[in-house]
1. Could you run through region 92-151 and say how many residues are in a strand (DSSP E or B) and either surrounded by fewer than 16 Cβ atoms within 10 Å (Cβ to Cβ) or under 19 Å from the mean Cα position of the chain (by Cα) (or both)?
2. Among the numbered conditions (1) modelled with pLDDT of 95 or more; (2) not in a loop (DSSP other than H, G, I, E, B), tell me where Val50 comes up short.
3. Right, Glu91: out of contact with any Gly (no Cβ under 7 Å at 6 or more places or on another chain) and closer than 19 Å to Asn170 by Cα or not?
4. Can you work out which of the residues in region 92-115 that are acidic (Asp, Glu) and touching a residue at least 24 places away in the same chain (Cβ under 8 Å) is farthest from Ser158 (Cα to Cα)?
5. If you go through region 46-62 one residue at a time, do you hit one that is within 12 Å of the chain's Cα centre (by Cα) and in contact (Cβ under 8 Å) with a residue 24 or more places away in the chain?
6. Please enumerate the residues belonging to region 87-124 that are closer than 28 Å to Leu58 by Cα and among the hydroxyl-bearing types (Ser, Thr, Tyr).
7. Scan region 17-47 residue by residue and report those that are surrounded by 14 or more Cβ atoms within 10 Å (Cβ to Cβ), within 26 Å of Asp106 (Cα to Cα) and either touching a helix residue (DSSP H, G or I) at 6+ places or on another chain (Cβ under 8 Å) or modelled with pLDDT of 65 or more (or both).
8. Go over the candidates Lys152, Lys177 one by one and state the one that is basic (Lys, Arg) and touching a residue at least 60 places away in the same chain (Cβ under 8 Å).
Amino acid sequence: MTRENGTGQAKRSDQDNLFLIQKGNHLQLIADFSFTTDRKIRGCAHFPSVDKENELILTEAVKKALPQYMQHPILHIQHTERPVGTVTKAEIDAEGALWIEGSIFDTPDTNDVWTDIESGKLNKFSIFGRRDHGTYECSIPPDRRISPCVTKALTLFSISIVGENAMNPNTFLEVVKG
């Protein structure tokens, strides 16, 4: 880049992943970053069984929704908009369970989450999304369903770290020991 076209020279920092570019009076910082943390977790985020709301989410629905979710694999806390980490690996096993690995951000604003994970207060995962196709029972409120609502297709928006309030009691979260 040259000043003749109005763009200043790119300056590489001592770190391989940080560039400072000046274009006229405007500065732009470009960072290609990756983070490392010892706050690693793993577990089962979905198991194909009827949950506390008398709903069964089919494995095939989760499998089809997973690639889109993994484009922005943010972990949330208790189904809030608060991002606390990322999913780094997700796979479905032969029994149809969704196994994930992830990490919790190693920042002061997530220290409370990490403490609750280590103490066992937050010990499960819960998936959240939009049901795109389901059986008739899905239109009935959960407390009035006689037979299970079967979700056949969904858009997966989020995976949350939760406690005993997880809808699917077969999910679990554990700390990965280094």
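The values are calculated or read from the model by the stated rules, or taken from the named source; none is laboratory data. Computed from a predicted model, the values in this text were never measured in an experiment. We place every Cβ from the backbone using ideal geometry, glycine too, and count neighbours over all the protein chains shown.
1. Just the residues of region 92-151 that are in a strand (DSSP E or B), to begin with: 92, 98-104, 124-134, 149-151.
Narrowing the set further to residues that are either surrounded by fewer than 16 Cβ atoms within 10 Å (Cβ to Cβ) or under 19 Å from the mean Cα position of the chain (by Cα) (or both) leaves 92, 98-104, 124-133.
Here the count works out to 18.
2. Condition not satisfied by Val50: (2).
3. On the way: out of contact with any Gly (no Cβ under 7 Å at 6 or more places or on another chain): yes; closer than 19 Å to Asn170 by Cα: yes.
Yes, satisfied.
4. Let us first name the residues in region 92-115 that are acidic (Asp, Glu), namely 93, 95, 101, 106, 109, 112.
Then keep just the ones that are touching a residue at least 24 places away in the same chain (Cβ under 8 Å); that gives 95, 101, 106.
Working: Glu95: 22, Glu101: 14, Asp106: 20 Å.
Checked region 92-115; the qualifying residue farthest from Ser158 (Cα to Cα) is Glu95.
5. Keep residues of region 46-62 that are within 12 Å of the chain's Cα centre (by Cα), which gives none.
Scanning region 46-62 turns up no residue that is within 12 Å of the chain's Cα centre (by Cα) and in contact (Cβ under 8 Å) with a residue 24 or more places away in the chain.
6. Thr88, Ser103
7. Correct list: Thr37, Arg39, Lys40, Ile41, Arg42, Gly43, Cys44, Ala45, His46.
8. Numbers: Lys177 fails: touching a residue at least 60 places away in the same chain (Cβ under 8 Å).
It is Lys152.
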